[in-house]
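All remarks here apply to the structure that follows.
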Amino acid sequence: MTPLETLQKYWGYPAFRPLQEELIESVLSGKDTLGLMPTGGGKSITFQVPGLVSGGLTLVITPLISLMKDQVDNLRKRHIKAVYLHSGMTAPEKKLTWEHLLNGGARFLYISPERLASEYFQNELKRLKITLLVVDEAHCISQWGYDFRPSYLNIRILRKLCPGVPVMALTATATPEVAADIMKQLEFRNPNLFQMSFSRDNISYIVRKTNDKFAQLVHILSHTAGAAIVYVRSRKKCREISQFLSSSGISSLYYHAGMTTEKKSEYQNAWMKGEVRTMVATNAFGMGIDKPDVRTVIHFDLPPSLEEYYQEAGRAGRDTLPSYAVVIAGERDSATLRRRLTKAFPKREEIRKLYENTCVFLRLAPGEGYDRILEYDIDRFCQLFGYQEDFVRASLRILGQAGYLEFIEERESNSKVMIKVGREELYHIGHISPQTERTLQQLLRIYPGLFSDYIYIRENTLARETGLTEQEIYEALSSLSQSKVISYIPRRRTPYIYLPTAREETRHLLIGKNIYEDRIEAMRRRIDSIIDYSFNSSGCRVKRMLEYFGEKEAGDCGKCDVCRQRKASKNTMISPDTLRSAIISFLKAKSEGRGYDEFFKEFGRYGEQARISLRELQHMKIVSTGDYLTIL
């Protein structure tokens, strides 16, 4: 089939979206290809279609387990065979996946980048017919990117394991420097970049400066319609702001990484269905969320970079209808961001000590731990060693970038079950309780495919269908698992740490300049860029943002708050003499003077022209501009 026929058969779309066809043709001709496509631009189609056309196995590297699962689930719904491998899987799950792969039972294999460091994985990979290599979120391979992950550097191993196989790299956000570094790190045979404009013409980018963010938030949501996302930078604020909005008559829920999987799914589904209008969330919310009718995205707190802001703001207006991306900027935001830079990079000796304490907590002796996955209760760790959680997370991130460990916070979405005995044997099991028998019968009734693969289940669904409690369901499944009838993997409720290397002695721990000083400087530049975007009103905000992403020929957007203010000022221009006379008359009307608020309420429509006139009158010693504005 041709690419277009494949698109129509599996996705039902009549035609490709902009840039998709060019990327597909490039990689099908055997060229290494980098695609820069904005959020919602349809990146997955650009490798899934050529993956099907090429006829072999497409290997996809992606950093987020949740995205991996979502894409595999979506492919399976379209009757396309796909599997994944990541460090959170159990040994039986991995074994079953390899059996599918070696028997030709998959067209797509999704992996997390740390898998590439495993010699076992590398050896098994040689047995597979790989025809396309895909690197999703490719900015993670660049140390100049905002989300550099050292495990991505392992991808270069694939160029040797799969010689001649083309690479497709994809990302939504990359500066020219990062794009060039991606192609260098992935050893492109020739530079080959396809880029859509970062411009989103249907989005109006607005900054509102205020000392009362809560009042401004309600004002914005009260003067806009449709679904909204409010981004904040802490879990505590999620709940507080959501409750504040609800009490203000604006329906709202919240979302952050620390919530249970069930609660996240419940709240997300309610928002997706339109049962509530507003989702207040950390940056854990948004990846893989495909809600086209989000009309407003508000940043209550400044994000740490323009890359993150662009990606999060881009979740507005995916249906191409007019939408708003609003930053609420407070006078303390700049200082808060700069303090974050200090917190993000603890001192080297402190990081080394935390590594040592982490290994003690995980009960690892020097030389132990290679390729192991261990549960890591970060709250208990902080209590035992007297750490602040922010400090621990910052240190773990640097240790991850240095290649010593990988802190993985994602939880399994559901428990999993696979039946280990044959059908005949299953029906002759004796000595089980009535509750266990009822659970088994309902399990077979609700979940097909249990004999051939692990299937995600929900204990609360089984409880509802059987009339048992969730605890009774858990005990029944555990009993069947101990009897070797099923393999039951309850949902994990704690994060875990993956160790790509054995425990090092603390004195040998190296945190190089490229991980520390260079990263500090890169983060400082990113913080400066978002502060400039938010507080500098000297030029079109969108133009400055596009220039940051390398679009030097961009013109003024005409829709951001700066452009709108300029239009308003042009429409209200009057002669300087007339304006100065009006100001003098205004001040004479009250002998004790007027406050600045009164002045700008009266003359604010004239914008900068009013300020210039006031300064001229002061220079001419006609007006005094002390605590009050007064005629001299």
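The values are calculated or read from the model by the stated rules, or taken from the named source; none is laboratory data. Quick caveat, the model's predicted, so the values are computed rather than measured. FYI the Cβ positions are ideal-geometry reconstructions off the backbone, even for glycines, and counts take in every protein chain you see. Please note that ligands, DNA and RNA were not included when accessible areas were found on the heavy atoms of the full protein model with its side chains. Shrake-Rupley method; radii C 1.70, N 1.55, O 1.52, S 1.80 Å.
Annotation note: of 320, 342, the sole residue that is more than 26 Å from residue 69 (Cα to Cα), among the β-branched types (Val, Ile, Thr), loosely packed, with under 15 Cβ neighbours inside 10 Å and in contact (Cβ under 8 Å) with a residue 24 or more places away in the chain is 320. Restricting to the range 264-284, and then to whatever is farther than 17 Å from residue 221 by Cβ, among the hydrophobic types (A, V, I, L, M, F, W, C) and within 18 Å of the chain's Cα centre (by Cα), can you tell me which residue is surrounded by the fewest Cβ atoms within 10 Å (Cβ to Cβ)? For the range 264-284, the residue satisfying everything is 272. Suppose the filter is open to solvent by 40 Å² or more (accessible area, probe 1.4 Å) and either closer than 26 Å to residue 172 by Cα or touching a Leu at 6+ places or on another chain (Cβ under 7 Å) (or both); does residue 409 pass it? The answer is yes for residue 409.
Before we move on, is residue 154 part of a helix (DSSP H, G or I), in contact (Cβ under 8 Å) with a residue 12 or more places away in the chain and surrounded by fewer than 22 Cβ atoms within 10 Å (Cβ to Cβ)? So residue 154 passes the test. Taken as a whole, the condition of being out of contact with any strand residue (DSSP E or B) (no Cβ under 8 Å at 6 or more places or on another chain), without any contact (Cβ under 8 Å) to a residue 12 or more places away in the chain, within 27 Å of residue 259 (Cα to Cα) and among the polar types (S, T, N, Q) applies to residue 471. Of all the listed residues (574, 531, 612, 584), the sole one being surrounded by fewer than 19 Cβ atoms within 10 Å (Cβ to Cβ) and touching a strand residue (DSSP E or B) at 6+ places or on another chain (Cβ under 8 Å) is 584.
Restricting attention to the range 228-263, and to residues there that are in contact with a Phe, Trp or Tyr (Cβ under 6 Å, 6 or more places away or on another chain) and crowded, with 17+ Cβ neighbours inside 10 Å, which single residue is farthest from residue 65 (Cα to Cα)? It comes out as 242. The sole residue among 437, 459 that is closer than 30 Å to residue 112 by Cα and either acidic (Asp, Glu) or out of contact with any strand residue (DSSP E or B) (no Cβ under 9 Å at 6 or more places or on another chain) (or both) is 459.
Would you confirm whether any residue within the range 521-530 is among the basic types (Lys, Arg) and within 30 Å of residue 375 (Cα to Cα)? For the range 521-530, residues among the basic types (Lys, Arg) and within 30 Å of residue 375 (Cα to Cα): absent. Can you tell me how many residues within the range 79-96 are free of Cβ contacts under 8 Å to residues at least 40 places away in the same chain, farther than 24 Å from residue 6 by Cα and either of a type in the set (A, V, I, L, M) or buried (at least 21 other Cβ atoms within 10 Å of the Cβ) (or both)? Number satisfying all stated conditions: 4. Across the range 541-557, which residue is surrounded by the most Cβ atoms within 10 Å (Cβ to Cβ) among those that are touching a residue at least 24 places away in the same chain (Cβ under 8 Å) and not in a loop (DSSP other than H, G, I, E, B)? Across the range 541-557, the extreme among qualifying residues is 542.
Taking the condition of being within 30 Å of residue 305 (Cβ to Cβ) and crowded, with 18+ Cβ neighbours inside 10 Å, how many residues in the range 347-374 meet it? Of the residues in that region, 5 qualify. Do you know which of the residues in the range 323-339 that are assigned to a loop (DSSP other than H, G, I, E, B) and closer than 19 Å to residue 561 by Cα is most open to solvent (accessible area, probe 1.4 Å)? For the range 323-339, the residue satisfying everything is 331.
Summed over the range 157-191, the residues that are over 26 Å from the mean Cα position of the chain (by Cα) and surrounded by 16 or more Cβ atoms within 10 Å (Cβ to Cβ) give a count of 6. Checked against the criterion of being closer than 20 Å to residue 66 by Cα, without any contact (Cβ under 8 Å) to a residue 60 or more places away in the chain, assigned to a strand (DSSP E or B) and open to solvent by less than 20 Å² (accessible area, probe 1.4 Å), the range 101-108 contains not a single residue that satisfies it. Scanning the range 9-27 for residues that are out of contact with any strand residue (DSSP E or B) (no Cβ under 9 Å at 6 or more places or on another chain) and either open to solvent by 70 Å² or more (accessible area, probe 1.4 Å) or of a type in the set (Ser, Thr, Tyr) (or both), we see that the one that is farthest from residue 290 (Cα to Cα) is 25. The residues on offer are 494, 469, 501, 506, and the sole one that is at pLDDT 90 or above, surrounded by fewer than 18 Cβ atoms within 10 Å (Cβ to Cβ) and among the β-branched types (Val, Ile, Thr) is 506. Among the residues of the range 454-466, just one is in contact (Cβ under 8 Å) with a residue 60 or more places away in the chain and surrounded by fewer than 15 Cβ atoms within 10 Å (Cβ to Cβ), namely 460. Scanning the range 28-49 for residues being modelled with pLDDT of 95 or more, surrounded by 21 or more Cβ atoms within 10 Å (Cβ to Cβ) and not in a helix (DSSP H, G or I) gives a total of 4. Filtered by the rule that a residue be of a type outside the set (A, V, I, L, M, F, W, C) and open to solvent by 50 Å² or more (accessible area, probe 1.4 Å), the range 375-406 gives 375, 377, 379, 380, 383, 386, 388, 389, 390, 393, 397. Here residue 501 fulfils each of the conditions (1) in a helix (DSSP H, G or I); (2) in contact with a Phe, Trp or Tyr (Cβ under 8 Å, 6 or more places away or on another chain) apart from (1). Based on what the data block shows, is residue 72 aliphatic (A, V, I, L, M), outside any loop (DSSP other than H, G, I, E, B) and in contact with a helix residue (DSSP H, G or I) (Cβ under 6 Å, 6 or more places away or on another chain)? No: the conditions fail for residue 72. Of all the numbered requirements in (1) modelled with pLDDT under 90; (2) surrounded by 15 or more Cβ atoms within 10 Å (Cβ to Cβ); (3) closer than 24 Å to residue 112 by Cα, residue 474 misses one, and that requirement is (3).
When you check residue 303 against the structure, is it surrounded by fewer than 15 Cβ atoms within 10 Å (Cβ to Cβ) and under 22 Å from residue 204 (Cβ atoms), yes or no? Criteria not met by residue 303.
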